[in-house]
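The values are calculated or read from the model by the stated rules, or taken from the named source; none is laboratory data. What you see is a predicted model, and the numbers here were worked out from it, not measured in a lab. Every residue, glycine as well, gets a Cβ built from its backbone with ideal geometry; the counts of neighbours run over all protein chains shown. Heavy atoms of the whole protein, side chains included, go into the accessibility calculation; ligands, DNA and RNA do not. Shrake-Rupley method; radii C 1.70, N 1.55, O 1.52, S 1.80 Å.
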Amino acid sequence: MTFNPLEERGIPLDRQLRDWRELDVTPIDPDHADPYTRCRIITMNGIEIEAIMFNRHLARHCPDLEDRQQLAETRFIEAQQQKAVNWLLPGLASVLETTLAYEQVATDLTAWVARMEPDPYLKQAYQFGLLEDFDHLYRYANLFEMIEHRKAEKIVDALTEVMPGRPTKMHQRHPIDNVREPYDRNTAAPISKLHALTIMSAEQQTMNFYMNVGPMYMEPIARQLYQEIGLIEEEHVTHYESLVDPGETWWEQLVNHEYNECYLYYSFMETESDPKVKAIWELHLNMELEHLRIAAEMMRRHDGRDPQEILAPRLPAPVTFEQNKGYIREVLATQIDYTTLGTGYVQEAHERFQRWQAQIHGDQEPASERVIDENRAKSGREYRLESEGAHPMYSLRPH
Ligand SMILES: [Fe+2]
Ligand SMILES: [Fe+2]
Ligand SMILES: [Fe+2]
Ligand SMILES: [Fe+2]
């Protein structure tokens, strides 16, 4: 692949504004769409929300009026992109259906990134988080069957298995143990920087989503499960955002954000099965090329450095939504009992972990455990989708 976003021409910023008719996108078909199309939409929504919020925080630090004006102009276009992307989701889906899709994204996107990541420390961070979002999918799938009387295979479509990962109740850790070591901005591979931004943005959007939709159910078990998992997504954002080198300048970070938007739109344009959605990825790619040019210009002006020094000379291989069943089973079989201690990983329940667990759980089983028991009592068995055979861990087979 020879696509270099720094050398491609995009759409001039003053021609990127869309009127209401153009923003009124046709949503995907809730029953017949490719589940991975929905995953791409959810991913790009998270990326655009991060683009908007990052731009905002940068602007709040800019004393120069012209910089703030330039950022405001680009930010409005990012906001229109977010509307176009997220409004591709069909209005019919319940909060829980969308939740299952969010956890499917967290599972298959993180698995893909873990497989492709060249740096062993970063790879470990993705493998660690993977087993937790994979378990969230299983807990929500049981809630879905229990309160909506529907099965998660309608949503994940057998592309992703549904079975226990690292049990959700074990995800509660002292916040100190959620902070990782960052990559080094001078030596990290360009793909590593992109991976970190992508997963950070996706997890951040999941965290925001649960913050807002968690209290929308009336059933106490649902309300409690969203609180519990919502707080784990807070941990996950800490885990992933701490991988990004805080020594990058604001302008360098802006360039990385725009470059990553180019990379993901390009990736999804290359792999999209729905032609109408593909046209949006292509349009947005052409907008992002111009955002990148503007950001690069700002970085040169403020930092006196050329962005070419920090970026890949061409785009890496496209980010792909595909089945990761075998890979996930391998990680399950080897890393299920990991927890974190400081910036590293251990296999034993250390003192700080146990103290935190005792404080947060108190004297009752958390909702993530009760939802399985209650669904078993109601449906006669718990919900699983094990297309590749029995669970790789004997202890996590149904009893
Ligand atoms: Fe964007
Ligand atoms: Fe999750
Ligand atoms: Fe997560
Ligand atoms: Fe952008």
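Return only the number of the condition from (1) more than 16 Å from ligand 4 (Cβ to nearest atom); (2) part of a helix (DSSP H, G or I); (3) open to solvent by 40 Å² or more (accessible area, probe 1.4 Å); (4) more than 22 Å from L197 (Cα to Cα) that Q70 does not satisfy.
All conditions are met except number (1).
Does A152 satisfy being within 16 Å of ligand 3 (Cβ to nearest atom), at pLDDT 95 or above and either under 18 Å from D337 (Cα atoms) or buried (at least 20 other Cβ atoms within 10 Å of the Cβ) (or both)? So that I can check it myself, show each step before the final result.
On the way: within 16 Å of ligand 3 (Cβ to nearest atom): no; at pLDDT 95 or above: yes; either under 18 Å from D337 (Cα atoms) or buried (at least 20 other Cβ atoms within 10 Å of the Cβ) (or both): yes.
Taking the combined requirement at face value, the residue does not satisfy it.
Kindly indicate whether any position in segment 226-234 is in a helix (DSSP H, G or I), within 23 Å of L89 (Cβ to Cβ) and away from ligand 3 (no atom under 16 Å from the Cβ).
If we filter segment 226-234 for residues that are in a helix (DSSP H, G or I), which is where we start, we get 226-234.
So of that shortlist, the ones also within 23 Å of L89 (Cβ to Cβ) come out as 226, 229-230, 233.
Retained after the next criterion (residues that are away from ligand 3 (no atom under 16 Å from the Cβ)): none.
For segment 226-234, residues in a helix (DSSP H, G or I), within 23 Å of L89 (Cβ to Cβ) and away from ligand 3 (no atom under 16 Å from the Cβ): absent.
Report every pair of residues separated by at least 6 positions or lying on different chains whose Cβ atoms are under 7 Å apart, first residue within segment 282-300 and open to solvent by 60 Å² or more (accessible area, probe 1.4 Å), second more than 16 Å from ligand 2 (Cβ to nearest atom) and part of a helix (DSSP H, G or I).
E282/M269
Being in a helix (DSSP H, G or I) and open to solvent by 30 Å² or more (accessible area, probe 1.4 Å) narrows it down to one residue among Q81, Q104, Q124; which is it?
Values: Q81 fails: open to solvent by 30 Å² or more (accessible area, probe 1.4 Å); Q104 fails: open to solvent by 30 Å² or more (accessible area, probe 1.4 Å).
Matching residue, one of Q81, Q104, Q124: Q124.
Got at least one residue in segment 160-172 being away from ligand 4 (no atom under 16 Å from the Cβ), modelled with pLDDT of 95 or more, within 13 Å of L100 (Cβ to Cβ) and open to solvent by 40 Å² or more (accessible area, probe 1.4 Å)?
Taking every residue of segment 160-172 in turn, none turns out to be away from ligand 4 (no atom under 16 Å from the Cβ), modelled with pLDDT of 95 or more, within 13 Å of L100 (Cβ to Cβ) and open to solvent by 40 Å² or more (accessible area, probe 1.4 Å).
May I ask you to list the residues in segment 327-342 that are open to solvent by 50 Å² or more (accessible area, probe 1.4 Å) and out of contact with any helix residue (DSSP H, G or I) (no Cβ under 7 Å at 6 or more places or on another chain)?
Passing the criteria: E330, A333, T334, D337.
Of the conditions (1) in a helix (DSSP H, G or I); (2) closer than 23 Å to A312 by Cα, R223 satisfies every one except a single condition; which number is it?
Every condition holds for R223 apart from (2).
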